[in-house]
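This report concerns only the one structure given below.
The values are calculated or read from the model by the stated rules, or taken from the named source; none is laboratory data. Every value quoted in this text rests on a predicted model; they were computed, and no experiment measured them. A quick note on method: Cβ atoms are made from the backbone with ideal geometry, for glycine too, and the neighbour counts reach across all protein chains shown. In case anyone asks, the SASA skips ligands and DNA or RNA and just uses the protein heavy atoms, side chains included. Shrake-Rupley method; radii C 1.70, N 1.55, O 1.52, S 1.80 Å.
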Amino acid sequence: MSTAAVKFRLDTLSVLLVEDTQSERNFIVNLLQSMGMNVSSCASAEEAIELYQSQMPDIVISDWRMPGLTGPQLCQRLKQAPSPPYIILLTANNQVKHMVEGIESGADDFLSKPFIPSILKVRLLAAARIVKMQQHLTDQNLALNDALSKEQAYLAQIQADLDSAARLQSSLLPTSSKLTNQWSLATRFQPAQDLAGDIFQCFNIDDSHLGFYLLDVTGHGIAASMQSFTLAQRLSCKSCHWDSLDPALIVTELNADFEDPENAGRFATLILGIANTDSGQVRITMAGHPQPILLANDSATMMSLDSGLPLGIDNQFQYQYNSFFLGDEQHLMLYSDGLYECRHPTYGEFGQQRLVKTCSDAHQLSPEALLHHLSHAIDLWQQNSPQDDISMMIISTSNISI
(Lines give C-alpha, C1' and ligand atoms only; values in the text may rest on other atoms or scores of the structure.)
Protein backbone atom coordinates (compact mmCIF):
# COMPACT_ATOMS: atom_id res chain seq x y z
CA MET A 1 0.00 0.00 0.00
CA SER A 2 1.35 3.42 -0.90
CA THR A 3 2.19 6.18 1.56
CA ALA A 4 -0.50 8.36 -0.04
CA ALA A 5 -3.10 5.71 0.67
CA VAL A 6 -1.96 5.45 4.30
CA LYS A 7 -2.22 9.21 4.74
CA PHE A 8 -5.67 9.18 3.21
CA ARG A 9 -6.80 6.76 5.87
CA LEU A 10 -4.82 8.00 8.89
CA ASP A 11 -4.38 11.75 8.57
CA THR A 12 -7.69 12.49 10.29
CA LEU A 13 -6.89 10.41 13.37
CA SER A 14 -5.13 11.54 16.53
CA VAL A 15 -2.75 9.35 18.55
CA LEU A 16 -1.43 9.57 22.10
CA LEU A 17 1.87 7.71 22.59
CA VAL A 18 2.79 6.64 26.14
CA GLU A 19 6.48 5.57 26.35
CA ASP A 20 8.86 6.18 29.24
CA THR A 21 12.02 5.68 27.15
CA GLN A 22 12.71 8.96 25.38
CA SER A 23 14.63 7.49 22.44
CA GLU A 24 11.90 5.01 21.64
CA ARG A 25 9.25 7.69 22.18
CA ASN A 26 10.97 9.99 19.65
CA PHE A 27 11.35 7.18 17.14
CA ILE A 28 7.70 6.15 17.29
CA VAL A 29 6.49 9.77 17.21
CA ASN A 30 8.46 10.41 14.04
CA LEU A 31 7.16 7.20 12.52
CA LEU A 32 3.55 8.13 13.26
CA GLN A 33 3.99 11.66 11.98
CA SER A 34 5.39 10.29 8.75
CA MET A 35 2.08 8.55 8.29
CA GLY A 36 0.37 11.95 8.56
CA MET A 37 -1.13 11.30 12.00
CA ASN A 38 -1.65 13.97 14.66
CA VAL A 39 0.58 12.75 17.51
CA SER A 40 1.06 13.78 21.14
CA SER A 41 3.22 11.90 23.62
CA CYS A 42 4.04 11.52 27.29
CA ALA A 43 6.29 9.41 29.53
CA SER A 44 3.83 7.95 32.10
CA ALA A 45 0.36 6.47 32.40
CA GLU A 46 -0.60 9.12 34.97
CA GLU A 47 0.23 11.91 32.53
CA ALA A 48 -1.55 10.01 29.77
CA ILE A 49 -4.79 10.00 31.78
CA GLU A 50 -4.67 13.80 32.12
CA LEU A 51 -3.84 14.28 28.44
CA TYR A 52 -6.62 11.94 27.37
CA GLN A 53 -9.22 13.94 29.28
CA SER A 54 -8.19 17.15 27.51
CA GLN A 55 -7.32 15.81 24.03
CA MET A 56 -9.61 12.78 23.61
CA PRO A 57 -7.32 11.01 21.08
CA ASP A 58 -8.72 8.31 18.82
CA ILE A 59 -5.89 5.84 19.45
CA VAL A 60 -3.60 5.27 22.43
CA ILE A 61 -0.31 3.39 21.94
CA SER A 62 1.21 2.48 25.29
CA ASP A 63 4.31 0.72 26.51
CA TRP A 64 3.69 -2.13 28.96
CA ARG A 65 6.33 -1.54 31.62
CA MET A 66 6.48 2.00 32.99
CA PRO A 67 7.09 3.66 36.35
CA GLY A 68 3.84 3.94 38.30
CA LEU A 69 0.83 2.57 36.46
CA THR A 70 1.59 -0.12 33.87
CA GLY A 71 0.21 -0.30 30.36
CA PRO A 72 -2.54 -2.84 31.29
CA GLN A 73 -3.55 -0.66 34.26
CA LEU A 74 -3.76 2.35 31.94
CA CYS A 75 -6.01 0.28 29.65
CA GLN A 76 -8.34 -0.47 32.53
CA ARG A 77 -8.62 3.24 33.40
CA LEU A 78 -9.19 4.48 29.86
CA LYS A 79 -11.73 1.80 28.99
CA GLN A 80 -13.95 3.17 31.76
CA ALA A 81 -14.34 6.44 29.82
CA PRO A 82 -17.71 7.13 28.11
CA SER A 83 -15.97 7.02 24.69
CA PRO A 84 -12.86 4.90 25.25
CA PRO A 85 -10.00 5.03 22.70
CA TYR A 86 -8.63 2.21 20.63
CA ILE A 87 -5.58 0.94 22.59
CA ILE A 88 -2.47 -0.84 21.30
CA LEU A 89 -0.04 -2.24 23.85
CA LEU A 90 3.71 -2.42 23.05
CA THR A 91 5.82 -4.87 25.01
CA ALA A 92 8.94 -7.02 24.89
CA ASN A 93 6.85 -9.76 26.52
CA ASN A 94 5.73 -11.99 23.68
CA GLN A 95 4.47 -14.96 25.63
CA VAL A 96 0.85 -16.02 25.22
CA LYS A 97 0.01 -15.29 28.87
CA HIS A 98 1.16 -11.69 28.43
CA MET A 99 -0.98 -11.28 25.34
CA VAL A 100 -3.99 -12.67 27.23
CA GLU A 101 -3.34 -10.36 30.17
CA GLY A 102 -3.06 -7.34 27.87
CA ILE A 103 -6.27 -8.09 25.98
CA GLU A 104 -8.16 -8.85 29.20
CA SER A 105 -7.11 -5.47 30.59
CA GLY A 106 -8.94 -3.79 27.73
CA ALA A 107 -6.31 -3.48 25.02
CA ASP A 108 -7.64 -3.80 21.48
CA ASP A 109 -4.35 -4.95 19.97
CA PHE A 110 -0.94 -6.19 21.06
CA LEU A 111 2.43 -5.63 19.37
CA SER A 112 5.75 -7.14 20.49
CA LYS A 113 8.99 -5.15 20.61
CA PRO A 114 11.05 -4.76 18.60
CA PHE A 115 8.44 -4.25 15.89
CA ILE A 116 8.75 -3.71 12.17
CA PRO A 117 7.43 -0.21 11.22
CA SER A 118 5.34 -1.63 8.36
CA ILE A 119 3.62 -3.97 10.83
CA LEU A 120 2.69 -1.00 13.04
CA LYS A 121 1.29 0.77 9.98
CA VAL A 122 -0.87 -2.24 9.16
CA ARG A 123 -2.09 -2.43 12.76
CA LEU A 124 -2.89 1.29 12.68
CA LEU A 125 -4.80 0.90 9.42
CA ALA A 126 -6.91 -1.81 11.05
CA ALA A 127 -7.38 0.49 14.05
CA ALA A 128 -8.37 3.34 11.72
CA ARG A 129 -11.08 1.24 10.10
CA ILE A 130 -12.49 0.30 13.50
CA VAL A 131 -12.30 3.85 14.89
CA LYS A 132 -13.96 5.32 11.80
CA MET A 133 -16.63 2.65 11.91
CA GLN A 134 -17.27 3.45 15.58
CA GLN A 135 -17.39 7.16 14.79
CA HIS A 136 -19.84 6.46 11.97
CA LEU A 137 -22.01 4.37 14.28
CA THR A 138 -21.84 7.08 16.93
CA ASP A 139 -22.89 9.71 14.40
CA GLN A 140 -25.73 7.48 13.24
CA ASN A 141 -26.85 6.88 16.82
CA LEU A 142 -26.79 10.62 17.51
CA ALA A 143 -28.82 11.24 14.36
CA LEU A 144 -31.26 8.48 15.28
CA ASN A 145 -31.58 9.79 18.84
CA ASP A 146 -32.19 13.28 17.48
CA ALA A 147 -34.80 11.96 15.05
CA LEU A 148 -36.36 9.90 17.85
CA SER A 149 -36.52 12.94 20.13
CA LYS A 150 -38.19 14.97 17.39
CA GLU A 151 -40.56 12.09 16.66
CA GLN A 152 -41.44 11.77 20.34
CA ALA A 153 -42.04 15.51 20.59
CA TYR A 154 -44.20 15.35 17.46
CA LEU A 155 -46.19 12.39 18.80
CA ALA A 156 -46.57 14.14 22.16
CA GLN A 157 -47.98 17.18 20.36
CA ILE A 158 -50.34 14.97 18.35
CA GLN A 159 -51.50 13.28 21.56
CA ALA A 160 -52.01 16.66 23.20
CA ASP A 161 -54.05 17.75 20.18
CA LEU A 162 -56.07 14.52 20.32
CA ASP A 163 -56.71 15.01 24.03
CA SER A 164 -57.84 18.57 23.36
CA ALA A 165 -60.09 17.40 20.50
CA ALA A 166 -61.52 14.64 22.70
CA ARG A 167 -62.38 17.20 25.39
CA LEU A 168 -63.99 19.39 22.74
CA GLN A 169 -66.00 16.43 21.47
CA SER A 170 -67.10 15.55 25.00
CA SER A 171 -68.23 19.15 25.49
CA LEU A 172 -70.80 18.60 22.72
CA LEU A 173 -72.45 15.78 24.69
CA PRO A 174 -75.31 16.36 27.14
CA THR A 175 -74.21 17.94 30.40
CA SER A 176 -77.37 17.48 32.47
CA SER A 177 -79.61 14.51 33.22
CA LYS A 178 -82.59 16.76 33.97
CA LEU A 179 -84.97 17.68 31.16
CA THR A 180 -88.18 19.68 30.96
CA ASN A 181 -91.28 18.52 32.92
CA GLN A 182 -89.20 16.13 35.03
CA TRP A 183 -88.17 13.99 32.10
CA SER A 184 -84.65 12.69 32.50
CA LEU A 185 -81.67 11.46 30.53
CA ALA A 186 -79.00 8.82 31.08
CA THR A 187 -76.04 8.47 28.70
CA ARG A 188 -72.94 6.40 28.06
CA PHE A 189 -70.11 7.25 25.65
CA GLN A 190 -67.27 4.81 24.90
CA PRO A 191 -65.06 5.82 21.95
CA ALA A 192 -62.94 3.05 20.43
CA GLN A 193 -60.03 5.50 20.07
CA ASP A 194 -59.26 8.98 21.37
CA LEU A 195 -61.92 10.40 19.07
CA ALA A 196 -65.22 8.90 17.99
CA GLY A 197 -67.51 9.00 14.98
CA ASP A 198 -70.48 8.92 17.37
CA ILE A 199 -72.08 11.99 18.86
CA PHE A 200 -75.42 12.57 20.57
CA GLN A 201 -77.39 15.29 22.28
CA CYS A 202 -80.63 15.89 24.13
CA PHE A 203 -81.87 19.35 25.08
CA ASN A 204 -84.96 21.42 25.84
CA ILE A 205 -86.44 23.20 22.82
CA ASP A 206 -89.06 25.07 24.84
CA ASP A 207 -91.10 24.53 28.00
CA SER A 208 -92.88 21.48 26.61
CA HIS A 209 -90.62 20.03 23.93
CA LEU A 210 -87.22 18.45 23.88
CA GLY A 211 -85.04 17.52 20.95
CA PHE A 212 -82.60 14.64 20.75
CA TYR A 213 -80.42 12.81 18.27
CA LEU A 214 -77.77 10.12 18.05
CA LEU A 215 -75.42 10.29 15.08
CA ASP A 216 -72.95 7.63 13.94
CA VAL A 217 -70.48 8.42 11.15
CA THR A 218 -68.93 5.37 9.48
CA GLY A 219 -65.56 4.42 10.93
CA HIS A 220 -63.92 5.88 13.97
CA GLY A 221 -60.92 8.03 14.75
CA ILE A 222 -59.99 11.50 13.53
CA ALA A 223 -61.70 11.56 10.11
CA ALA A 224 -64.98 10.19 11.46
CA SER A 225 -64.90 12.52 14.48
CA MET A 226 -64.36 15.59 12.28
CA GLN A 227 -67.36 14.58 10.17
CA SER A 228 -69.52 14.01 13.26
CA PHE A 229 -68.37 17.33 14.71
CA THR A 230 -69.41 19.13 11.51
CA LEU A 231 -72.83 17.46 11.53
CA ALA A 232 -73.29 18.22 15.23
CA GLN A 233 -72.62 21.89 14.55
CA ARG A 234 -75.30 21.78 11.84
CA LEU A 235 -77.71 20.24 14.37
CA SER A 236 -77.15 22.95 16.99
CA CYS A 237 -80.09 25.08 18.03
CA LYS A 238 -78.60 28.11 16.26
CA SER A 239 -78.19 26.33 12.92
CA CYS A 240 -81.20 24.04 12.82
CA HIS A 241 -84.99 24.45 12.64
CA TRP A 242 -85.78 22.68 15.90
CA ASP A 243 -88.58 25.15 16.53
CA SER A 244 -90.41 23.67 13.53
CA LEU A 245 -90.98 20.55 15.67
CA ASP A 246 -90.58 18.53 12.46
CA PRO A 247 -87.74 15.98 12.68
CA ALA A 248 -88.23 14.92 9.04
CA LEU A 249 -87.55 18.48 7.86
CA ILE A 250 -84.40 18.69 9.96
CA VAL A 251 -82.99 15.39 8.69
CA THR A 252 -83.91 16.13 5.07
CA GLU A 253 -82.07 19.46 5.19
CA LEU A 254 -79.07 17.88 6.92
CA ASN A 255 -78.87 15.14 4.29
CA ALA A 256 -79.12 17.66 1.44
CA ASP A 257 -76.04 19.47 2.78
CA PHE A 258 -74.05 16.33 3.67
CA GLU A 259 -70.52 16.50 2.27
CA ASP A 260 -67.84 13.87 1.77
CA PRO A 261 -64.80 16.02 0.84
CA GLU A 262 -62.46 13.02 0.63
CA ASN A 263 -64.84 11.12 -1.68
CA ALA A 264 -64.23 8.16 0.58
CA GLY A 265 -67.80 6.89 0.46
CA ARG A 266 -68.35 8.10 4.00
CA PHE A 267 -71.93 8.23 5.28
CA ALA A 268 -73.70 8.51 8.61
CA THR A 269 -76.70 6.98 10.34
CA LEU A 270 -78.95 9.17 12.46
CA ILE A 271 -81.94 8.90 14.73
CA LEU A 272 -83.46 12.28 15.54
CA GLY A 273 -86.58 13.05 17.47
CA ILE A 274 -88.73 15.65 19.18
CA ALA A 275 -90.79 14.79 22.26
CA ASN A 276 -93.76 16.63 23.71
CA THR A 277 -93.20 16.34 27.45
CA ASP A 278 -96.81 17.30 28.21
CA SER A 279 -98.55 14.69 26.06
CA GLY A 280 -95.74 12.15 25.73
CA GLN A 281 -95.91 12.24 21.92
CA VAL A 282 -92.58 11.45 20.27
CA ARG A 283 -91.78 12.13 16.62
CA ILE A 284 -88.73 10.31 15.29
CA THR A 285 -87.00 10.32 11.93
CA MET A 286 -84.51 7.58 11.20
CA ALA A 287 -81.74 7.63 8.61
CA GLY A 288 -80.49 4.05 8.45
CA HIS A 289 -80.00 3.93 12.23
CA PRO A 290 -80.62 0.89 14.49
CA GLN A 291 -84.16 0.66 15.85
CA PRO A 292 -84.66 2.12 19.34
CA ILE A 293 -85.63 -0.09 22.29
CA LEU A 294 -88.71 0.65 24.38
CA LEU A 295 -88.13 -0.11 28.04
CA ALA A 296 -90.96 -0.64 30.52
CA ASN A 297 -91.28 -1.88 34.09
CA ASP A 298 -90.98 -5.55 33.16
CA SER A 299 -89.86 -5.77 29.55
CA ALA A 300 -87.71 -4.48 26.73
CA THR A 301 -89.01 -4.37 23.15
CA MET A 302 -87.25 -3.60 19.90
CA MET A 303 -89.36 -1.01 18.07
CA SER A 304 -90.14 -1.25 14.36
CA LEU A 305 -90.12 2.26 12.94
CA ASP A 306 -89.94 3.25 9.28
CA SER A 307 -86.38 4.18 8.34
CA GLY A 308 -84.90 6.14 5.47
CA LEU A 309 -81.48 5.99 3.83
CA PRO A 310 -78.32 6.87 5.79
CA LEU A 311 -77.11 10.43 5.38
CA GLY A 312 -74.84 10.91 2.38
CA ILE A 313 -76.36 8.21 0.15
CA ASP A 314 -78.87 10.34 -1.78
CA ASN A 315 -78.98 14.06 -1.11
CA GLN A 316 -82.44 14.31 -2.76
CA PHE A 317 -84.05 11.80 -0.40
CA GLN A 318 -87.16 13.02 1.44
CA TYR A 319 -87.44 11.73 5.00
CA GLN A 320 -90.63 11.09 7.00
CA TYR A 321 -91.18 10.87 10.72
CA ASN A 322 -92.73 8.21 12.94
CA SER A 323 -95.08 9.19 15.74
CA PHE A 324 -95.89 7.34 18.97
CA PHE A 325 -96.56 8.05 22.62
CA LEU A 326 -94.17 7.36 25.45
CA GLY A 327 -96.21 6.45 28.51
CA ASP A 328 -95.56 7.06 32.17
CA GLU A 329 -92.57 5.19 33.53
CA GLN A 330 -91.49 4.20 30.01
CA HIS A 331 -88.02 4.77 28.65
CA LEU A 332 -86.71 5.18 25.13
CA MET A 333 -83.23 3.76 24.51
CA LEU A 334 -81.12 4.93 21.56
CA TYR A 335 -77.70 3.47 20.72
CA SER A 336 -75.08 3.12 17.99
CA ASP A 337 -74.42 -0.14 16.17
CA GLY A 338 -71.11 -0.60 17.98
CA LEU A 339 -73.18 -1.77 20.96
CA TYR A 340 -74.38 -4.97 19.31
CA GLU A 341 -71.95 -5.50 16.40
CA CYS A 342 -68.95 -6.19 18.66
CA ARG A 343 -67.67 -9.74 18.25
CA HIS A 344 -66.50 -12.44 20.62
CA PRO A 345 -63.63 -14.57 19.22
CA THR A 346 -65.66 -17.77 19.80
CA TYR A 347 -69.33 -16.78 19.94
CA GLY A 348 -69.40 -14.13 17.24
CA GLU A 349 -71.52 -10.99 17.22
CA PHE A 350 -73.31 -9.83 20.36
CA GLY A 351 -76.40 -9.12 18.27
CA GLN A 352 -79.59 -7.14 18.75
CA GLN A 353 -81.53 -10.13 20.07
CA ARG A 354 -79.02 -10.62 22.90
CA LEU A 355 -79.08 -6.85 23.50
CA VAL A 356 -82.86 -6.83 23.97
CA LYS A 357 -82.71 -9.89 26.25
CA THR A 358 -79.98 -8.30 28.36
CA CYS A 359 -82.13 -5.18 28.78
CA SER A 360 -85.20 -7.27 29.62
CA ASP A 361 -83.33 -9.39 32.18
CA ALA A 362 -82.12 -6.20 33.88
CA HIS A 363 -85.54 -4.48 33.91
CA GLN A 364 -85.28 -3.76 37.65
CA LEU A 365 -82.28 -1.46 37.16
CA SER A 366 -82.44 2.31 36.86
CA PRO A 367 -81.55 3.76 33.43
CA GLU A 368 -78.09 4.78 34.64
CA ALA A 369 -77.47 1.37 36.19
CA LEU A 370 -78.73 -0.38 33.06
CA LEU A 371 -76.24 1.50 30.87
CA HIS A 372 -73.44 0.56 33.28
CA HIS A 373 -74.61 -3.08 33.15
CA LEU A 374 -74.64 -3.05 29.33
CA SER A 375 -71.17 -1.47 29.18
CA HIS A 376 -69.80 -4.18 31.45
CA ALA A 377 -71.47 -6.93 29.40
CA ILE A 378 -70.09 -5.54 26.14
CA ASP A 379 -66.58 -5.14 27.60
CA LEU A 380 -66.64 -8.79 28.62
CA TRP A 381 -67.97 -9.85 25.20
CA GLN A 382 -65.24 -8.05 23.25
CA GLN A 383 -62.66 -8.96 25.91
CA ASN A 384 -61.87 -5.35 26.83
CA SER A 385 -60.62 -4.61 23.29
CA PRO A 386 -62.89 -1.86 21.88
CA GLN A 387 -63.87 -2.58 18.29
CA ASP A 388 -66.12 0.39 17.53
CA ASP A 389 -67.51 3.51 19.14
CA ILE A 390 -70.42 2.86 21.49
CA SER A 391 -73.02 5.48 22.40
CA MET A 392 -76.15 4.94 24.46
CA MET A 393 -78.84 7.27 25.76
CA ILE A 394 -82.08 6.59 27.63
CA ILE A 395 -84.83 9.20 27.67
CA SER A 396 -87.28 8.68 30.52
CA THR A 397 -90.67 10.17 31.31
CA SER A 398 -89.81 10.06 35.01
CA ASN A 399 -87.00 9.09 37.39
CA ILE A 400 -88.78 5.90 38.48
CA SER A 401 -86.71 2.71 37.94
CA ILE A 402 -87.49 0.45 34.98
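Observations on the structure shown:
- Pairwise Cα inverse-distance average, inverted: Kirkwood Rh of the chain (Å): 27.4 Å
- Once the Cα-Cα distance is subtracted from the 0.36 nm per residue extended length, the residue 257 to residue 30 segment shows a gain of 73.1 nm.
- Among the GluC sites (Glu not before Pro) in the range 208-306, those placed in a DSSP loop whose Cβ has at most 16 other Cβ atoms within 10 Å are 259, 262.
- Solvent-accessible area per residue in the range 34-121 equals 49 Å², computed with a 1.4 angstrom probe and all protein chains kept.
- DSSP beta bridge pairing in the chain, given as percent antiparallel to the nearest 5: 70 percent
- Area of residue 39 that stays accessible when all protein chains are in place (1.4 Å probe, Å², to 10): 30 Å²
- Rounded percent of accessible protein surface that carbon and sulfur make up, the chain, 1.4 Å probe: 50 percent
- Sum of -39500 (n - 2.57) over DSSP H runs of 4+, divided by residues of the chain (222 nm, nearest 500): -12500 deg cm²/dmol
- For the range 317-402, the solvent-accessible area with a 1.4 angstrom probe is 48 square angstrom per residue.
- The range 260-383: equivalent-ellipsoid semi-axes (sqrt of 5 x gyration tensor eigenvalues, Cα, Å): 26, 23, 10
- For the range 206-310: accessible area per residue (Å², 1.4 Å): 41 Å²
- Reported to the nearest whole Å, the Cα centre-to-centre distance from the range 316-369 to the range 168-196 is 17.
- Candidate residues 344, 241: accessible-area rank, largest first, probe 1.4 Å: 241, 344
- The aspartates and glutamates whose alpha-carbon is closer than 16 Å to the alpha-carbon of residue 97, local same-chain residues fewer than 8 away aside, are 108, 109.
- Estimated FRET transfer efficiency (residue 81, residue 167; beta-carbon r; R0 41 Å; 0.05): 0.25
- Full extension of the chain between residue 113 and residue 140 yields a length gain of 6.0 nm, computed as 0.36 nm times the residue separation minus the alpha carbon distance.
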